[in-house]
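Colleague: Quick one: the structure is below, and I'll ask about it shortly.
The values are calculated or read from the model by the stated rules, or taken from the named source; none is laboratory data. Please read these numbers as outputs of a predicted model, since none were measured by experiment. Cβ sites come from the backbone with ideal geometry, for glycine too, and all protein chains shown count toward neighbours.
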Amino acid sequence: MGCPSQIPGWFPVAVVFLLILGTGFAYIDAICHVTHGVLRQWEVSWFLVLLCLTVTSLLRTMLTAPGQPPASPPAIASVSTLPGRPSGIVCIDGKMNGAPRYCRKCKQWKPDRSHHCVECGRCALRMDHHCTFVGNCIGLRNHKYFLLFLLWSALTAAWISKSLLLTLNFSEITQRRLPIRIYIELVGSVIVGSAVAIVLGAFSAMQFWFMFQGYTTIDFMEKKGTKRFGKPYVNYYNVDFATNFLQVFGIASSSSSFSCLTLPIRWLLPVHPTIPTDGIVFPLSQRYLEDHPCAVGTRDRSRAES
Ligand SMILES: [Zn+2]
Ligand SMILES: [Zn+2]
């Protein structure tokens with residue numbers, strides 16, 4: 001998923017910023033001009049709120065490290081017992097010979113769902129994928145910001161298209177003598193807004209579906225790979241709809257008595273989530289215990305059913 005080596009890593013990131021800021025400027029300039037200089041306050045205010053959420057989510061995705069595995073596995077006794085998870089198990093994934101997963105590049109142990117990223121040169125906890133367009137790995141600590149970036153950018157783009165296509169009178173605009181710049185901005189904003197809304201809308205729908213099903217992108221690709229070899233795949237990290245969501249978007253903080261009230265708002269904002277996992281042990285589905293009745297105190301050797 002990385003960019004070709006001849007393209008510098010900052011280039012796709014710069015393109016994303018130029019696209020966002022350029023389209024935003026073109027939209028505001030055009031809509032203010034065609035409405036006789038009278039700012040459509042309600043329309044433009046909502047756009048600026050959406051734009052602010054998009055840019056903040058993007059910056060937090062870029063600047064938040066996904067999290068790195070500790071140098072060595074925690075002692076079994078110190079591993080917290082999570083709902084639906086048998087105590088005494090650090091990892092459920094391992095090599096075929098039963099040895100713990102190991103990263104040869106980082107020369108250290110790799111927990112479940114951690115993977116080494118070639119572009120970043122390090123392992124990332126609960127790695128989803130490396131995103132060239134944000135120049136960072138998407139993993140445990142910035143997965144929420146990434147999903148919010150997709151959501152808010154798709155909605156911002158849709159807002160631009162809706163605002164221009166449904167509220168402006170194009171037959172009137174074409175009869176007026178406006179600067180050529182305004183016509184270019186209008187057409188450009190509609191085309192870019194519609195295209196981004198469709199592409200990112202579809203991509204964010206897919207990413208949210210992965211999240212609600214308890215998959216990371218890498219998990220899902222592994223599932224496809226396993227099916228290709230004729231082996232059934234069981235996603236033991238798919239606990240239930242709500243648990244899967246809270247693993248990414250966070251739970252109420254125990255330090256604040258108002259946290260439960262503000263939690264739904266926090267889910268929508270690019271603010272730090274209280275993630276109920278350390279990125280080493282994850283809650284498991286009931287299916288895991290059914291398939292591994294003697295799991296306590298043991299290390300499973302393969303997640304693929306034989
Ligand atoms: Zn590594
Ligand atoms: Zn990476």
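Colleague: Go through the range 23-51 residue by residue and tally those that are modelled with pLDDT of 95 or more and surrounded by 15 or more Cβ atoms within 10 Å (Cβ to Cβ).
Modeller: 2
Colleague: Taking the range 100-122, which residues are within 9 Å of ligand 2 (Cβ to nearest atom) and either over 26 Å from Tyr236 (Cα atoms) or part of a loop (DSSP other than H, G, I, E, B) (or both)?
Modeller: Scanning the range 100-122 gives Val118, Glu119, Cys120, Gly121.
Colleague: Output the residues belonging to the range 211-244 that are part of a helix (DSSP H, G or I) and free of Cβ contacts under 8 Å to residues at least 12 places away in the same chain.
Modeller: At the first step, the residues of the range 211-244 found to be part of a helix (DSSP H, G or I) are 211-212, 217-228, 241-244.
The answer is Phe220, Met221, Glu222, Lys224, Gly225, Lys227, Arg228, Ala242.
Colleague: Using the structure shown, decide if His143 is within 16 Å of ligand 1 (Cβ to nearest atom) and crowded, with 18+ Cβ neighbours inside 10 Å.
Modeller: Working: within 16 Å of ligand 1 (Cβ to nearest atom): no; crowded, with 18+ Cβ neighbours inside 10 Å: yes.
For His143, the condition - within 16 Å of ligand 1 (Cβ to nearest atom) and crowded, with 18+ Cβ neighbours inside 10 Å - is not met.
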